[in-house]
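**Student:** So that we are looking at the same thing, I have put the structure below in structure tokens.
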Amino acid sequence: MIDPPRADPRRSRSASASGRSTDALSGAGPEASLRGMSSARISLGKVLRPESKNYFLLLGVTLFLVGLGLVMVLSSSSVESYEAGDGYFGLFWRQATFAMIGVPLMLIVSRFPARFWKKWAWIFLVVAMGLQLLVFTPLGYEIGGNRNWIEIGGFTAQPSEAVKLALVVWLGLVLTIKQPRLLEWKHALIPVIPFAGLSIGLVLLGGDLGTVVIMALIVFSALYFAGVRLRYIAIPVVAGAVLFLIMAITSANRMQRIMAFFGDGKGDYENADWQSTHGTWALANGGLWGVGLGNSRAKYGWLPAISNDFIFAAIGEELGLIGAVLVLGLFVFLAVMFIRVIRSSDDSFVRITTGAVMAWIIGQALVNIGVVLGVLPVLGVPLPLLSSGGTALLTTLVAIGIILSFARERGRTGPPQPRRPAVRRPQSSGVAR
């Protein structure tokens, strides 16, 4: 009887060893498969992890204000748009187009990390100032005595809005780098005052005093949130006030508005005080509940710039005191969200930039509402997120997108953990045992 052939033990061992080496190289072993599945699950969890509460609250109030602004632009601009030959919805569709561009752009910007803005801050400021210089070329044109617009191929833009956006990022970067030396006045004011003063000066040359006031507020707020001593901030504040008075005195139009505000033009509302007087009448006509959407009387040529600088008067007339208080409450809530982002971060760049953006948006809203209420003279600044104006809407949404990126990063990393005290180990007596 013939015995069956026996397997060579050496060949079996080599085959099993090669099989194990093949499994190790291909990663097909059970342990490697489990590790791959685990890493894939962890990576997917990082992508799908929900954002922070501050992120969603800030995003929600921003979208609500943009939606309310589109409704009020449609209601207040229908007559003006029809008279311009664009139909009843011409200005609304233009504003809606900028909103459809700005909201996705805001969400895209919210994905950029803070290091991106630190890297490109200087370039952004130089490019923005270059765009502002275009208003003094044949591309620029003048509206109401202010030369701060450019027109390219039928598309109009206001470069000073881009300067404001670049300025908040640049201030955050420079003051963060200077943080250890801000107690010295040289490091606190240089290079902030020279470069910020140059940016403001370019806008001032165009005659837009309202935008200059908002930009000055941005600079002083950034210095404050950076921890600069108040006596250092007082020096540029006094210089800015003197410059403001000089620019007001040297302009007949501005001087007429200021004198009308202090009482000189109250008896002749058809001239210098026409706009502010009819803004007050529109608010009074609204009463408590308003006359209803679309039923404004001031938009029939009685109130100039009702869809822009005086849109708050349209809100008060059509939605009444309830609607006006609601808008004020939304801006208060927006300010609270900015403060929450500041308090949740220990990064100086985040805190300074967020504080500057808050001063920009909330400060400009208060100035605009103060003008409509007659508390301030007419300065010609729009109500953020609500007034018509594509450039202003885009830059404001991008600024909020930057703050959303800060809130998103803080939500991913979580609040800073308290440090554990170091444990002191008992020292050896040095006696050998």
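The values are calculated or read from the model by the stated rules, or taken from the named source; none is laboratory data. Quick caveat: nothing in here was measured; it's all calculated off a predicted structure. Please note: Cβ atoms are built from the backbone with ideal geometry, for glycine as well, and neighbour counts cover all protein chains shown. Accessible surface areas use protein heavy atoms only, side chains included; no ligands, DNA or RNA. Shrake-Rupley method; radii C 1.70, N 1.55, O 1.52, S 1.80 Å.
**Student:** I need the full set of residues from the range 161-191 which are open to solvent by 10 Å² or more (accessible area, probe 1.4 Å), of a type in the set (K, R) and assigned to a helix (DSSP H, G or I), in order please.
**Tutor:** Once the filter is applied, which keeps residues that are open to solvent by 10 Å² or more (accessible area, probe 1.4 Å), of a type in the set (K, R) and assigned to a helix (DSSP H, G or I), the range 161-191 yields R181, K186.
**Student:** Can you pull out every residue in the range 332-354 that is under 18 Å from F64 (Cβ atoms) and either open to solvent by 10 Å² or more (accessible area, probe 1.4 Å) or of a type in the set (D, E, K, R) (or both)?
**Tutor:** Listed by number, the residues that qualify are V332, F333, A335, V336, R340.
**Student:** Out of the range 359-390, which residues are open to solvent by 30 Å² or more (accessible area, probe 1.4 Å) and modelled with pLDDT of 95 or more?
**Tutor:** L366, the sole residue that qualifies.
**Student:** On to the next question. Look at the range 391-431 and say how many of its residues are at pLDDT below 65, assigned to a helix (DSSP H, G or I) and not polar (S, T, N, Q).
**Tutor:** 2
Residues are listed down the side, and each one gets a yes or a no for (1) under 13 Å from L393 (Cα atoms); (2) in contact with a Leu (Cβ under 6 Å, 6 or more places away or on another chain); (3) among the acidic types (D, E):
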position	(1), (2), (3)
N54	no, no, no
F64	no, no, no
L70	yes, no, no
V73	yes, no, no
E80	no, no, yes
D86	no, no, yes
R94	yes, no, no
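**Student:** In addition: Working only within the range 213-258, note down all residues that are among the basic types (K, R) and either over 29 Å from F338 (Cα atoms) or buried (at least 19 other Cβ atoms within 10 Å of the Cβ) (or both).
**Tutor:** R254, R257
**Student:** Also, quick follow-up: So which of M106, M100 is open to solvent by 80 Å² or more (accessible area, probe 1.4 Å) and modelled with pLDDT of 95 or more?
**Tutor:** Only one candidate passes the filter, namely M100.
**Student:** Could you name every one of the helices (runs of 4 or more DSSP H) located completely within the range 245-347 that has at least 3 residues being of a type in the set (S, T, Y) and farther than 30 Å from A407 by Cβ?
**Tutor:** Correct list: 274-286.
**Student:** While we're here: Could you list, in sequence order, all residues of the range 259-298 that are modelled with pLDDT of 75 or more, closer than 20 Å to N368 by Cβ and open to solvent by 30 Å² or more (accessible area, probe 1.4 Å)?
**Tutor:** Across the range 259-298, the qualifying residues are W274, Q275, T280, W281, L283, A284, N285.
**Student:** Is it the case that P50 is more than 22 Å from A166 (Cβ to Cβ), modelled with pLDDT under 95 and open to solvent by 30 Å² or more (accessible area, probe 1.4 Å)?
**Tutor:** yes
**Student:** Among the numbered criteria (1) touching a helix residue (DSSP H, G or I) at 6+ places or on another chain (Cβ under 9 Å); (2) within 19 Å of L217 (Cα to Cα); (3) part of a helix (DSSP H, G or I); (4) not acidic (D, E), which one does P384 miss?
**Tutor:** (3)
**Student:** Pick from the range 330-361 the residues that are in contact (Cβ under 8 Å) with a residue 60 or more places away in the chain and among the basic types (K, R): which of them is nearest to A166 (Cα to Cα)?
**Tutor:** Ranking the candidates gives R351 first.
**Student:** Right, something else. Test V135 against the stated conditions and say whether it is β-branched (V, I, T), in contact with a Leu (Cβ under 9 Å, 6 or more places away or on another chain), open to solvent by less than 20 Å² (accessible area, probe 1.4 Å) and over 16 Å from T396 (Cβ atoms).
**Tutor:** Here the answer is yes, as V135 does meet what is asked.
**Student:** Okay, moving on. If the Cβ limit is 8 Å and pairs must be 6+ apart or interchain, which residue in the range 126-152 that is at positive phi pairs with which residue that is open to solvent by 50 Å² or more (accessible area, probe 1.4 Å) and of a type outside the set (A, V, I, L, M, F, W, C)?
**Tutor:** Partner pairs satisfying both residue conditions: G144/N253; G145/N253.
**Student:** Of the numbered conditions (1) under 30 Å from G401 (Cβ atoms); (2) surrounded by 21 or more Cβ atoms within 10 Å (Cβ to Cβ), L198 satisfies every one except a single condition; which is it?
**Tutor:** (2)
**Student:** Is it the case, given these coordinates, that I150 is in contact with a Pro (Cβ under 7 Å, 6 or more places away or on another chain) and either open to solvent by 70 Å² or more (accessible area, probe 1.4 Å) or hydrophobic (A, V, I, L, M, F, W, C) (or both)?
**Tutor:** yes
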